[in-house]
């Protein structure tokens with residue numbers, strides 16, 4: 001029987017491109033995976049793994065997620081109670097933080113302690129950061145094996161500053177090292193967009209689809 005993967009629909013964009021990239025990554029990896037874009041709590045609760053995408057402002061994405069009846073509770077059940085594999089992409093990664101400081105500030109999910117803060121900038125490094133950047137591992141992670149040093153596509157003005165360095169797995173350079181991969185246990189977050197990162201992004205998604213957290 002094919003595993004099921006739920007891509008959470010909470011009004012943030014880029015859902016179809018994520019869906020197509022995941023389906024292609026599954027095919028190329030020879031994996032049987034049923035992928036659905038959904039805001040149905042029953043479907044989410046039954047999913048074997050979850051992807052939470054996101055583009056735009058932190059507070060708006062958090063509000064959109066909270067406004068979907070039963071969705072946040074379903075995600076928490078799958079990710080925190082059942083401990084099934086979870087991937088947050090871009091703002092979907094940032095929502096794992098305790099708080100985002102964009103505009104007036106907003107509470108996040110609080111699953112990984114830390115804050116989402118403005119990107120550092122300089123004459124050479126401007127904000128927003130848009131384009132291809134190398135990702136360098138700072139700690140081993142099975143999903144990123146063999147991808148250390150690959151370039152991925154970024155589009156962001158804020159970055160995740162974790163309280164505990166043990167939750168930081170990879171960085172990219174933007175005036176200084178900023179988080180590109182964060183996680184703990186069955187939770188993983190990528191600041192880059194794997195669905196826009198061509199071969200490296202498909203390889204990353206394929207590894208997530210076969211990841212079995214210990």
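The values are calculated or read from the model by the stated rules, or taken from the named source; none is laboratory data. Nothing here was measured: the structure is a model prediction, and the numbers come from that model. All Cβ positions, glycine included, derive from the backbone under ideal geometry; neighbour counts span all protein chains shown.
Looking only at residues in region 113-134 that are under 20 Å from residue 55 (Cβ atoms), surrounded by 14 or more Cβ atoms within 10 Å (Cβ to Cβ) and out of contact with any helix residue (DSSP H, G or I) (no Cβ under 8 Å at 6 or more places or on another chain), which one is modelled with the lowest pLDDT?
The residue in question is 127.
Show me the strands (runs of 3 or more DSSP E) found entirely inside region 115-214 where at least 2 residues are under 16 Å from residue 88 (Cβ atoms).
Answer list for region 115-214: 151-156, 158-162, 168-174, 176-184, 187-190.
Which members of region 177-209 meet the condition of being surrounded by fewer than 16 Cβ atoms within 10 Å (Cβ to Cβ) and either touching a strand residue (DSSP E or B) at 6+ places or on another chain (Cβ under 6 Å) or at negative phi (or both)?
177, 199
Restricting attention to region 14-53, and to residues there that are within 14 Å of the chain's Cα centre (by Cα) and under 19 Å from residue 186 (Cα atoms), which single residue is surrounded by the fewest Cβ atoms within 10 Å (Cβ to Cβ)?
For region 14-53, the residue satisfying everything is 49.
For region 21-112, please list each of the helices (runs of 4 or more DSSP H) lying entirely inside it that holds at least 1 residues being farther than 16 Å from residue 4 by Cα, in contact with a helix residue (DSSP H, G or I) (Cβ under 8 Å, 6 or more places away or on another chain) and without any contact (Cβ under 8 Å) to a residue 40 or more places away in the chain.
In region 21-112, 58-67, 71-76 are the helices (runs of 4 or more DSSP H) which contain 1 or more residues that are farther than 16 Å from residue 4 by Cα, in contact with a helix residue (DSSP H, G or I) (Cβ under 8 Å, 6 or more places away or on another chain) and without any contact (Cβ under 8 Å) to a residue 40 or more places away in the chain.
Which of (1) at positive phi; (2) surrounded by fewer than 22 Cβ atoms within 10 Å (Cβ to Cβ) is the odd one out, the single condition residue 90 does not satisfy?
Condition not satisfied by residue 90: (2).
Out of all the residues in region 135-146, which are crowded, with 18+ Cβ neighbours inside 10 Å and touching a residue at least 60 places away in the same chain (Cβ under 8 Å)?
The answer is 143, 144.
Among the candidates 174, 159, which residue alone is surrounded by 17 or more Cβ atoms within 10 Å (Cβ to Cβ), at pLDDT below 95 and closer than 25 Å to residue 19 by Cα?
159
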